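Trainee: Sharing a structure here in structure tokens format.
No lab work stands behind these numbers, since they all come straight from the coordinates. Because the structure is a prediction, the values reported are computed rather than measured. No Cβ is skipped: glycine too gets one built from the backbone with ideal geometry, and neighbour counts run over all protein chains shown.
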Amino acid sequence: MDFLIKILIPLFAAFILQANSLDRVAVIVNDGVVLESEINQKITDIEKASALNGEKLPSKDEIRNKVIEELILEELQLQVADQVGIKISDEELNVTLKRLAQQSDLDLESFIKFVEDQGDSYEQVRENVKRTMKIQRVQQGRIQNKIQITREELNNFLNTEEAKSQLGPELGVKQILVRNNSDKNIDEVYQTAKQQIEAGINPTEVFKNLSEDQNGGDLGYRNITKFPGVFQDPINELEIGEFSEVIETGAGKHILYLDDKRGPMVTFEKQWEVRHILLIPNRIRDENDSEDAITEIRNRIISGESFGELAREFSDDPGSKQEGGRLDWAPEGTYAPEFEKVMTESSENQISEPFLTQFGWHILEVTGIRVVDKTNERMEDQAFSYLFNRKFQEELETDLQELRAEAFVEIKES
């Protein structure tokens, strides 16, 4: 509930108009105005928010001047919205309000009650949210197309300590250390470790028994920036379950093993490689005939004929026909629901029974299943968002300064 209070004060009440018979025009902004009641209300809201957060405020004059500038910029942006015809539909507004309520685990009815219990008008809240949405649309329209982020910029950011420490996962790394004065051979120890892991022995036990370091071969979970510099590049090259090349340090010879990774960016995606044959019913071959035909093709494959050759001859799928029915590796959510159900329930190298989708009659064969580490892609997406938001704020500040400089603004004496 505290979250909702914090949101309501700065977002909604900042716009509440309580104009009355004593209200007056405080600022003229082009052909619009800012009322004294708007300024007073926003100052009150800042004071409430400050008390809620235990923050110390500057002087009243400083607050008033800051509020006036904010309201001038809001008015200018709303004028732009009107000029370009930005409209917010009731449907869009309702979706936004429901989402805001859900952030505090409330349904819309409870949200309305909460607003009114605070002494605010829900209708005014709706209007304030609509104004905020208009301003956001203006900012997106004026700023978004000005922002360009190149692959080079993205890569440079991903290589910074800031990106690595904030976005990078914690990596669980094991090592084999053969010390300089050891009579062991690093290559022989490596082969032993590899064979034992392939045999299903727990990696923790393998490295504990083989490594000559004091931690039983366990370097623990760390962000990449926390490993010794000489280890960082080799670790970055590893997929889970892979060994590095031999690394020589003053302590001896090391081989690293990436055992696991964890963190909010860590994502693994299950994918299927499939080939299929599709028969689309038509005027000559109706649905029943298509079912009979696909059943006959399946029987021929089971009898030993080539799936690929029969796909090239009979399949009606132009995208895969010439590839022998083969489709690219794909995760769930790629194909029609009926197709995916059969795909995910099939064993590898098993020819499915005929099944019907919106496209027609199919048979399929799963030729491979794998799990792909998508962590780096998620990190790239997050890095792109970070750079975009940073540039957006920089461009927005410049744009608002220009909008303010070009406007007619007259601040009345209070």
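Trainee: Figure the gain on full extension for E406 and Q136 (residue separation times 0.36 nm, minus the Cα-Cα span) and round it to one decimal in nm.
Mentor: Numbers: separation 270, 0.36 × 270 = 97.20 nm, distance 2.04 nm.
Using 0.36 nm per residue and subtracting the Cα-Cα distance, I get 95.2 nm.
Trainee: Which of rounded, prolate or oblate describes region 177-218 when judged by the alpha-carbon gyration tensor and an a/c cut-off of 1.5?
Mentor: Working: a/c = 3.65, a/b = 1.39, b/c = 2.62.
Since a/c reaches 1.5 but b/c is at least a/b, the shape of region 177-218 is classed as oblate.
Trainee: Go through (1) 51, 26, 22; (2) 57, 39, 20; (3) 36, 24, 21 and flag the label whose value is the computed semi-axes √(5λ) of the Cα gyration tensor in Å for this structure.
Mentor: This structure yields the entry labelled (2).
Trainee: Let me ask something else about it. Is it possible to state the helix-based mean residue ellipticity at 222 nm for the chain, with each DSSP H run of 4+ residues giving -39500 (n - 2.57), the sum divided by total residues, to the nearest 500 deg cm²/dmol? What is it? Before the final figure, lay out each step's value.
Mentor: Numbers: 15 runs with 203 residues, N = 414.
After summing the helix terms and dividing by residue count, I get -15500 deg cm²/dmol.
Trainee: Rounded to two decimals, what is Rg over Rh for region 371-414 when you use alpha-carbon atoms and the Kirkwood radius? The partial results should precede the final answer.
Mentor: Numbers: Rg = 19.8 Å, Rh = 13.8 Å.
For region 371-414, the value is 1.44.
Trainee: Residues of region 63-107 with backbone nitrogen within less than 16 Å of a virtual label 7 Å along the Cα-to-Cβ line of D399, please, listed as ranges.
Mentor: Answer for this model: 73-87.
Trainee: To test your reading of the geometry: what angle, between 0 and 90 degrees and rounded to tens, separates the Cα axis of helix 108-117 from the longest principal axis of the chain?
Mentor: It works out to around 30 degrees.
Trainee: Further, regarding this structure: Report the FRET efficiency, 1/(1 + (r/R0)^6), for Q103 and D183, where r is their Cβ-Cβ distance and R0 is 56 Å, rounded to 0.05.
Mentor: Values: r = 64 Å, r/R0 = 1.13.
After rounding to 0.05, the efficiency reads 0.30.
Trainee: Separate question: Quick check: from the Cα gyration tensor, does region 250-378 come out rounded (a/c under 1.5), prolate or oblate?
Mentor: Working: a/c = 3.33, a/b = 2.40, b/c = 1.39.
Because a/c hits 1.5 or more and a/b exceeds b/c, region 250-378 counts as prolate.
Trainee: Which one of P58, I294, S89 is farthest out on the positive end of the charge dipole of the chain, using unit charges on Cβ (Lys, Arg +1; Asp, Glu -1) and the Cα centre as origin?
Mentor: The listed residue farthest towards the positive side: P58.
Trainee: Note the full-extension length gain between Y386 and T160 as 0.36 nm times their separation in residues minus their Cα-Cα distance, in nm to one decimal.
Mentor: Values: separation 226, 0.36 × 226 = 81.36 nm, distance 1.32 nm.
Stretched fully, the Y386-T160 segment lengthens by 80.0 nm.
Trainee: Give me the percent relative contact order of the chain, please, defined on Cα pairs under 8 angstrom at least 6 residues apart. Don't skip to the end; give the middle numbers.
Mentor: Values: 547 pairs, mean separation 71.0, N = 414.
Reported as a whole number, the value is 17 percent.
Trainee: I would also like to ask the following. Can you give me the distance in nm between label points at S303 and N65, each placed 7 Å from the Cα along the Cα-to-Cβ direction?
Mentor: 9.2
Trainee: Using a Förster radius of 56 Å, what is the FRET efficiency between T367 and N40 based on their Cβ-Cβ separation? Nearest 0.05, please.
Mentor: Working: r = 71 Å, r/R0 = 1.26.
Efficiency, from the Cβ-Cβ distance: 0.20.
Trainee: If you don't mind, another one. Rounded to the nearest 20 debye, what is the charge dipole size of the chain about its Cα centre when +1 sits on each Lys and Arg Cβ and -1 on each Asp and Glu Cβ?
Mentor: Values: 48 positive and 81 negative charges, 157 e Å.
Dipole about the Cα centre, nearest 20: 760 debye.
Trainee: Continuing with this model, one more query. Would you calculate the convex hull of the Cα atoms in region 170-262 and tell me its volume per residue in Å³? Working shown, then result.
Mentor: Numbers: hull volume 8.1 nm³, N = 93.
Output value, Cα hull per residue: 87 Å³.
Trainee: While we're looking at this one, here's another question. I'd like to know which of Q358, G324, I39 lies farthest towards the positive end of the charge dipole of the chain, counting +1 on Cβ of Lys and Arg and -1 on Cβ of Asp and Glu.
Mentor: With unit charges placed on the Cβ atoms, the residue in question is I39.
Trainee: Same structure, new question: GNM, the chain, Cα, under 10 Å: largest mean-square fluctuation among S59, S347, S37?
Mentor: S59
Trainee: Taking 0.36 nm per residue of sequence separation and subtracting the Cα-Cα distance, how much length would be gained by fully extending the chain between T357 and A336, in nm to one decimal? Intermediate values should be presented prior to the final figure.
Mentor: Details: separation 21, 0.36 × 21 = 7.56 nm, distance 0.71 nm.
Difference between extended and current length: 6.9 nm.
Trainee: Another question, then. To the nearest 0.05, how large is the calculated FRET efficiency for N236 and Q191 if R₀ is 35 Å and r is the Cβ-Cβ distance? Don't skip to the answer; put the middle values down first.
Mentor: Working: r = 24 Å, r/R0 = 0.70.
Efficiency computed from Cβ-Cβ geometry: 0.90.
Trainee: How many times 2.2 N^0.38 Å is the alpha carbon radius of gyration of region 2-146?
Mentor: On the way: Rg = 15.9 Å, N = 145, 2.2 N^0.38 = 14.6 Å.
It is 1.09.
Trainee: A follow-up question, please. Indicate the gyration tensor shape class of region 87-217 (rounded, prolate or oblate), computed on the Cα atoms with a ≥ b ≥ c the square roots of the eigenvalues: a/c under 1.5 is rounded; otherwise a/b larger than b/c is prolate and the rest oblate.
Mentor: On the way: a/c = 4.78, a/b = 2.56, b/c = 1.86.
It is prolate, given that a/c is not under 1.5 and a/b is the larger ratio.
Trainee: Relative contact order for region 170-262 using alpha-carbon pairs under 8 Å, separation at least 6, rounded to a whole percent? Intermediate results must be reported in sequence, preceding the final value.
Mentor: Working: 154 pairs, mean separation 40.1, N = 93.
Relative contact order here is 43 percent.
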